[in-house]
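Input: a single structure, listed below in structure tokens.
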């Protein structure tokens, strides 16, 4: 069929911490590429470990870079010509930079736990419900209050939990909570489920806030729909 393969891509996985694991995947890609004469680029994807909770270890990106660079130089020498090396480090770059700010609408005590219901839900940040992902939560309205155990839940009409049994400074209705590490796979995985609107996005640059995405309105929710006249 005269197919010309000019690039190869790999996705090793997520939360890769050991440089040797990533390097082993790279070697597989190098070995495969050596049999393809028209390669212009090799895409190593991403998957670098991002810390989500206190004590988590972050991947040593410098050590990984040195090992990949050495292996890549050897590949280019064997291949006989330069090849572009691509990465997709989006989550590694922006995850820790993003914070989802939510307001405590209600604090409800039950025999099982104390619930904090907030004005957001899995339609804004689905990772905790989809992956059982951990996101640190901080009460920014009362950072030095008495520590208590809460379960922080959203406003969607089914199980919608941001964090189970979390130690937070005492929460009152109206307090603002910060859900950390929301910079990656937040808005891109958000939805209008339950007819909920998506929030605005604000970029803080050199200490000043800049609105970079408007808060959605009901008109946004209905945009694209067409009324039907069934009497015609």
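Among the residues of the stretch 59-88, the ones that are under 29 Å from residue 163 (Cα atoms) and without any contact (Cβ under 8 Å) to a residue 24 or more places away in the chain come to 0 in all.
If you go through the stretch 174-190 and keep only what is farther than 18 Å from residue 53 by Cα and touching a helix residue (DSSP H, G or I) at 6+ places or on another chain (Cβ under 9 Å), you end up with just 189. Annotation: residue 227 fulfils all but one of (1) crowded, with 16+ Cβ neighbours inside 10 Å; (2) at pLDDT below 95; the unmet one is (1).
Determine, yes or no, whether residue 25 is assigned to a loop (DSSP other than H, G, I, E, B) and either surrounded by fewer than 18 Cβ atoms within 10 Å (Cβ to Cβ) or not assigned by TED's automatic domain parsing to the domain that holds residue 133 (or both). For residue 25, the condition - assigned to a loop (DSSP other than H, G, I, E, B) and either surrounded by fewer than 18 Cβ atoms within 10 Å (Cβ to Cβ) or not assigned by TED's automatic domain parsing to the domain that holds residue 133 (or both) - is not met.
Look through 118, 102, 106, 138 and report the one residue that is under 13 Å from residue 175 (Cβ atoms) and either modelled with pLDDT under 95 or loosely packed, with under 14 Cβ neighbours inside 10 Å (or both).
106
All told, residue 80 falls short of being modelled with pLDDT of 95 or more and over 16 Å from the mean Cα position of the chain (by Cα).
Might you check whether a residue that is assigned to a loop (DSSP other than H, G, I, E, B), out of contact with any strand residue (DSSP E or B) (no Cβ under 9 Å at 6 or more places or on another chain), without any contact (Cβ under 8 Å) to a residue 40 or more places away in the chain and over 26 Å from residue 91 (Cα atoms) occurs anywhere in the stretch 148-163?
The answer is yes; a qualifying residue exists.
Which members of the stretch 89-129 meet the condition of being out of contact with any strand residue (DSSP E or B) (no Cβ under 7 Å at 6 or more places or on another chain), assigned to a loop (DSSP other than H, G, I, E, B) and touching a residue at least 40 places away in the same chain (Cβ under 8 Å)? Listed by number, the residues that qualify are 98, 121, 122, 123, 126.
The values are calculated or read from the model by the stated rules, or taken from the named source; none is laboratory data. All of these numbers come straight from a predicted model, not from anything done at the bench. Virtual Cβ from ideal backbone geometry, glycine too; neighbours counted across all protein chains shown.
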